[in-house]
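Contents: one structure, followed by commentary.
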Amino acid sequence: MLKDRLLVQTLVKKNVEYVWDVYHNPKHIINWNHASDDWYCPTAMNDLVVGGKFTYRMSSNDDKYSFDFEGIYTKIEKPSFFAYVMTDGREVDVYFRKHLEGTEIFIFFDPEKENPKELQQMGWQSILDNFKLYTESL
């Protein structure tokens with residue numbers, strides 16, 4: 001399935017340790033984890049250990065629609081890499097790399113079969129762009 005993996009990436013103008021913390025801290029996750037302005041993340045739980053679980057609640061602004069984005073960590077190498085498996089079995093690998101201007105983030109993920117790959121990639125990229133904007137504003 002590796003050939004079908006999708007990639008989103010960004011460069012955050014903060015140091016890698018800070019970026020790692022903001023990415024994993026629930027008090028920050030609720031502020032950036034949404035793909036568009038008509039959605040928000042009311043709650044986030046994160047047990048950042050191998051075998052630990054994370055759950056981020058995603059809700060529409062009118063609260064008519066919501067779902068949980070969940071996974072279990074399979075590998076953690078702080079502050080440069082982590083991997084997890086989503087509840088539907090898809091795998092995700094996330095890399096944090098020191099860069100002259102800050103931290104590069106690369107997220108490789110298995111696409112689901114219901115939506116076009118381009119749409120999925122746009123959604124994940126939008127969330128990562130929100131993360132970049134939020135983290136650089138701190």
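The values are calculated or read from the model by the stated rules, or taken from the named source; none is laboratory data. Remember, it's a predicted structure, so these values are computed and weren't measured experimentally. A quick note on method: Cβ atoms are made from the backbone with ideal geometry, for glycine too, and the neighbour counts reach across all protein chains shown.
Within the stretch 91-134, the set of residues being basic (Lys, Arg) and either in a loop (DSSP other than H, G, I, E, B) or modelled with pLDDT under 95 (or both) comprises just one member, Lys113.
Considering only residues in the stretch 1-37 that are loosely packed, with under 12 Cβ neighbours inside 10 Å and either modelled with pLDDT of 95 or more or not charged (D, E, K, R) (or both), the one that is nearest to Val94 (Cα to Cα) turns out to be Leu2. Considering the stretch 13-30, and only residues there that are of a type in the set (Val, Ile, Thr) and under 14 Å from the mean Cα position of the chain (by Cα), the residue that is farthest from Val49 (Cα to Cα) turns out to be Ile30.
Scanning the stretch 40-83 for residues that are touching a strand residue (DSSP E or B) at 6+ places or on another chain (Cβ under 9 Å), assigned to a loop (DSSP other than H, G, I, E, B) and farther than 18 Å from Tyr95 by Cα yields Asp47, Gly51, Gly52, Asn61, Asp63, Tyr65. With the condition kept exactly as written, say whether any residue in the stretch 74-90 is modelled with pLDDT of 95 or more, of a type in the set (D, E, K, R) and within 13 Å of the chain's Cα centre (by Cα). No, the stretch 74-90 contains no residue that is modelled with pLDDT of 95 or more, of a type in the set (D, E, K, R) and within 13 Å of the chain's Cα centre (by Cα). Among the residues of the stretch 84-116, what is the count of those that are in contact with a strand residue (DSSP E or B) (Cβ under 6 Å, 6 or more places away or on another chain) and more than 17 Å from Thr135 (Cβ to Cβ)? Residues in the stretch 84-116 being in contact with a strand residue (DSSP E or B) (Cβ under 6 Å, 6 or more places away or on another chain) and more than 17 Å from Thr135 (Cβ to Cβ): 11 in total. Exactly one residue among Asp68, Asp63 is at pLDDT below 95 and surrounded by fewer than 17 Cβ atoms within 10 Å (Cβ to Cβ), and that residue is Asp63.
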